[in-house]
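Contents: one structure, followed by commentary.
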Amino acid sequence: MIDVTTDAMVDPVADSPEIDAAAATSNRVPASLDEFLASVERRAFRLAQLALGQREDALDVVQDSMIKLMQYRHRPAGEWTPLFWSILRRQLTDRHRRNAVRNRVMNFFGRSDDAREDSIEAWPDPSADPARRVADQSAWQALGRALRALPARQRECFLLRELQGLSVAETAAAMGCSDGSVKTHLSRALSALRTHLEDWR
Amino acid sequence: MSSHEPEENQTLNDAMTKKSRALFEQASEHLDSATSNRLRLMRREALAGTPRRTPYRWLPLGAAAATILGIGMTWWLPQRNAAVTPSVASINASDQDLVPDDDADIYDWLGEAPVAVSDSKADSP
């Protein structure tokens, strides 16, 4: 899969079957807004949780995104997917800024705000054996920490393109940048994550 | 495969993204019931157009209004007190009013009248 872009970067998962499957699911036009939101709410929550590291913040962001999407309810159903992820991305950016200000204030008063990050929660897959659940939980937490250490644009790119499975064009539309920028951000994100997630080798 | 990216890195990227995606799918599929219910409720409220219930929504606005009010009162009250406080000239003028013109002779006489001095003070050097 040779794909040299204008930035001499490669889209590392251009032929990935998992991405294609997720994209196919997301490209299916929903019959109603209720159906659409029901199909994306869980993924949106998990994505926000990875980005923010805090369950309540993630729920707030998803709720705000749903409410804002209502303003576009008269748009064609085919536009809901890119619109929703674009709204969610902006909400995440706003929440990150707000949390950064709060951290600065807390640090000024000599208090650390790290306690806001969720403690380890039980991995919610009851079918897996305990050892596997602990390993998966640990890997999930490590992924979240590694993602939160990335620059915002790289993190957004990885979340939308790799995890949510949007196409390069959809990711670019959600992020408000060009396809080439998406590939550049993604390549840099993967490079940084390789360093952060060395234990996964 | 890009000539700029070593094959080993590409393999690592593939493995890492595959594992990340598997974890994400698993986590999204298996949500605890409390979170699932909250998401469902949020969806219903959003679709019904119910405004978001945020109890502290107006707190920043209230704090800002209180601050502005405090600054305004601090600026306004000293000016008001200064307006109420009489000036020195007006105090002097009112002191003069205490002595009626008709009785001025009496006060002149009192001022020139001899003062009684006690013996002990008179004998002292």
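Computed from the coordinates by the stated procedures, all read-outs in this text should not be read as laboratory data. Since this is a predicted model, take the numbers as computed values, not measurements. Note: ideal-geometry Cβ built from the backbone for every residue, glycine included; neighbour counts use all protein chains shown.
When you count the other C-beta atoms within 10 angstrom of each residue and take the mean per peptide, A:71-82, A:38-49 line up highest first as A:38-49, A:71-82. Scoring B:16-26, A:94-104, A:50-60, A:156-166 by mean Cβ neighbours within 10 Å over their residues and listing the highest first yields A:156-166, A:50-60, B:16-26, A:94-104.
Each peptide in A:172-180, B:68-76, A:187-195 was scored by the mean count of other Cβ atoms within 10 Å over its residues; highest first, the order is A:187-195, A:172-180, B:68-76.
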